[in-house]
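Below: the structure, in structure tokens.
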Amino acid sequence: MTAANDFALRIIGERINPGFKSTRALFDTEDIPGIQALAVKQAEAGAAYQNVNIGARAMTDPEFMTKIITAIQDVVGTPLSFDFPSRKVQEICLAAYRPERAGGALPIVNSITEHRWDLMELYGKYRFKVILMASERMEDGVARGNKTAEQIHGTARRAALRLKSEYGLALEDIFIDMSVSAIIADTEGLNRATVDAIRLIGADPELKGVHMMGGLSNIGQQLPPKAADGSDLKHCLENAFLTLTVPHGFDTVLGTPWRGYAPLPEEHHVMQAYRNFLEQSGSNALRAVRKFYKA
């Protein structure tokens, strides 16, 4: 938890990922000390976990994957989250992970879905926590995207209770990933569905103890840097989302640990504009987006 984090949030450090240009350069040059320095920086900034993703190379170079995990654990005591959809890669990661280097803490498998349940075949041989994606469900043998709060809640409930009953996972070891969409083209009310689903999950007595999480970086995608009042639009949007959801149990962010998050006052321009946006759909939602950056 960072000193600048005014919410009671757990941060999963996201920077060990080739999606960041500076990190991709470290992987391309196999700069192990540079990757270690990045892990140390995230740990010192308060990361509770560190997400590890080396991209497609994980499928073809298991030795490098193991080398990265070992190098990170040589310099930090933060538990790790392994961000790969492949069972083969996850097993390599879990085999390389040393719980004693993280104070006995379990790693996280990121992520399972109802149609990617084969990752749970690793449970038993290995122990781990899970990130469970609630953005899609299985219906008649086909994966379908969830569009409503009820669908998201239903998927989260069904999958979390299955993890508890079939595998003995404690609900506290389950992180439900709530997809946070970009508002720029959200004409279907996906942001509203996510916010409402968080309220439903948070109020569900059978899900008491689960964590709700998400990455916030998409929410302000393709918007101007400044809001109409001159504030940092993207960061304020992230804080507006958190202001509405943290009280209902959203407690973990996949993000940059030194970014810092704080509640927005109700009178803040972005807070008011976000509340208004959540009430709109279709072309009205597109018009509402302009209110963020045009007075």
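The values are calculated or read from the model by the stated rules, or taken from the named source; none is laboratory data. Here the structure is a predicted model, which is why all the values come from computation and not from measurement. Cβ placement follows ideal geometry from the backbone for every residue including glycine, while neighbour counts extend to all protein chains displayed. Areas reflect the complete protein model, heavy atoms only, side chains present, ligands, DNA and RNA absent. Shrake-Rupley method; radii C 1.70, N 1.55, O 1.52, S 1.80 Å.
Looking only at the range 5-14, which residues are open to solvent by 20 Å² or more (accessible area, probe 1.4 Å) and either more than 20 Å from the chain's Cα centre (by Cα) or closer than 12 Å to THR78 by Cβ (or both)?
ARG10
Working carefully through the options LEU171, LEU237, LEU244, find the one that is open to solvent by less than 30 Å² (accessible area, probe 1.4 Å), aliphatic (A, V, I, L, M), farther than 26 Å from LYS294 by Cα and at pLDDT 95 or above. Walk me through how you get there before you give the answer.
On the way: LEU237 fails: farther than 26 Å from LYS294 by Cα; LEU244 fails: farther than 26 Å from LYS294 by Cα.
That would be LEU171, the only listed residue that is open to solvent by less than 30 Å² (accessible area, probe 1.4 Å), aliphatic (A, V, I, L, M), farther than 26 Å from LYS294 by Cα and at pLDDT 95 or above.
Residues being closer than 16 Å to ILE176 by Cα and surrounded by 17 or more Cβ atoms within 10 Å (Cβ to Cβ): count how many of those fall in the range 192-214.
First, the residues of the range 192-214 that are closer than 16 Å to ILE176 by Cα: 193-214.
From what is left, the residues that are surrounded by 17 or more Cβ atoms within 10 Å (Cβ to Cβ) are 193-202, 207, 210-214.
Residues flagged as closer than 16 Å to ILE176 by Cα and surrounded by 17 or more Cβ atoms within 10 Å (Cβ to Cβ) within the range 192-214 amount to 16.
Give the residue, chosen from LEU237, LEU223, that is in contact with a Phe, Trp or Tyr (Cβ under 8 Å, 6 or more places away or on another chain), aliphatic (A, V, I, L, M), closer than 20 Å to ARG192 by Cβ and assigned to a loop (DSSP other than H, G, I, E, B).
Values: LEU237 fails: assigned to a loop (DSSP other than H, G, I, E, B).
Every option except LEU223 fails the conditions.
Only one of (1) buried (at least 21 other Cβ atoms within 10 Å of the Cβ); (2) modelled with pLDDT under 95 is not met by ALA56, so which one is it?
Of (1) buried (at least 21 other Cβ atoms within 10 Å of the Cβ); (2) modelled with pLDDT under 95, only one is false for ALA56: (1).
Rundown of residues vs (1) assigned to a helix (DSSP H, G or I); (2) among the polar types (S, T, N, Q), yes/no style:
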site	(1), (2)
GLY214	no, no
SER217	no, yes
PRO247	yes, no
TYR261	no, no
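Polar (S, T, N, Q) and part of a strand (DSSP E or B): does that describe SER181? Spell out the reasoning first.
Details: polar (S, T, N, Q): yes; part of a strand (DSSP E or B): no.
Criteria not met by SER181.
Select the strands (runs of 3 or more DSSP E) contained entirely in the range 42-148, then report the ones holding at least 1 residues which are free of Cβ contacts under 8 Å to residues at least 12 places away in the same chain and of a type outside the set (Gly, Ala, Ser). It would help to see each step written out before you state the result.
Details: elements: 49-52, 80-83, 108-112, 129-133, 136-139, 142-145.
So the answer is 136-139, 142-145.
Name the residue that is nearest to the chain's Cα centre (by Cα), counting only residues in the range 202-228 that are touching a residue at least 60 places away in the same chain (Cβ under 8 Å) and closer than 16 Å to ALA273 by Cα.
LEU223
So, of the residues in the range 247-264 that are in contact with a strand residue (DSSP E or B) (Cβ under 9 Å, 6 or more places away or on another chain) and within 13 Å of LEU200 (Cα to Cα), which turns out to be surrounded by the fewest Cβ atoms within 10 Å (Cβ to Cβ)?
Of everything passing the filter in the range 247-264, HIS248 is surrounded by the fewest Cβ atoms within 10 Å (Cβ to Cβ).
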